[in-house]
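Take a look at the structure set out below.
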Amino acid sequence: MKFRTLFLLTVLTVLFLWIGQALGGRAGLIMAIIFAGAFNFLSYWFSDKIVLSMYKAKEISPEEAPELHQVVEELAAAAGIPKPRLYVVPQQAPNAFATGRSPSHSAVAVTEGILRVLDLRELRGVLSHELSHIRNRDTLVQTIAATLGAAITFLARMAYFSRFFGMGRDNDTNPLELLVMLLVAPIAALLIQMAISRSREYLADETGARISRDPLALASALEKLHSFSRRVPLSGNPATSHLFIVAPRFSSASLAALFATHPPVEKRIARLRAMAGEIS
């Protein structure tokens, strides 16, 4: 876990330095070093808040959703972790994600769409999966990856347009360099996503099924979510794709969307169904 986090921060730093130099030469490079150091610090401590803010997630109280809170409380107790904060994302694409730097500083977010599509048993299966990410301490790396990917996308585009309009370190714009600059955002997001092992999704499925003691509920939920997610787009940044329980279809096209950040849903469902005989 520590190695993967260090790797992600190193990737961010190198890309920030390159993009900073493209924006302002030596002065831009110095500013990039300062900015990278500050952003690395902030991404560790506040990346969960950044991602939740990115999706306009609203925290919900036990009074607003008593049934949902009760399910999470029971599952958290079974998982042996503190109960995470609960958020709702105002989007119709059915999906969910967990975030936070540790089990004691964690949150689970569900979309309005998933509350509409799944029944309570299936939702319980999804929540057990997300709590497994928290228990297995995947959320720190996942959340930092999402935050860094979004930041790299923003800076790369800013560098591209700055050079294109003659506001960069010089006006001798190389079209090939501009094209590379524009493509670095989705490529960087892809590299960060690939740093998150797809095996962690299998592990979260397995751990979640054992926590809920109902692998078929999660299998049924995955089947529904996979079907709906291909038809209902999610508004957000493709660099956050790996956060979600199933790969979302984003409303904006991206090179990163061509690469899988999740294992095949069919294989995940088959593994869960095979577990059903083991768990009584």
Strands (runs of 3 or more DSSP E) (entirely within region 1-114) containing at least 3 residues that are at pLDDT below 95 and under 15 Å from residue 140 (Cα atoms): 96-102
Per-region count, region 89-134, residues under 13 Å from residue 57 (Cβ atoms), β-branched (Val, Ile, Thr) and in contact with a helix residue (DSSP H, G or I) (Cβ under 6 Å, 6 or more places away or on another chain): 2
Considering region 38-59 alone, what residues qualify as being free of Cβ contacts under 8 Å to residues at least 60 places away in the same chain and either polar (S, T, N, Q) or buried (at least 16 other Cβ atoms within 10 Å of the Cβ) (or both)? 40, 49, 52, 53, 57
Only residues in region 122-136 that are touching a residue at least 12 places away in the same chain (Cβ under 8 Å) and acidic (Asp, Glu) count as the first member; pair them with residues that are crowded, with 23+ Cβ neighbours inside 10 Å and part of a helix (DSSP H, G or I), Cβ under 7 angstrom, at least 6 apart or cross-chain, and list the lot. 122/217; 122/221
Is it the case that some residue within region 69-78 is touching a Gly at 6+ places or on another chain (Cβ under 9 Å) and buried (at least 20 other Cβ atoms within 10 Å of the Cβ)? yes
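The values are calculated or read from the model by the stated rules, or taken from the named source; none is laboratory data. Bear in mind that the values here come from a model prediction, so they are computed numbers and not experimental data. Heads up, the Cβs are rebuilt from the backbone with ideal geometry, glycines too, and the neighbour counts pull from every protein chain shown.
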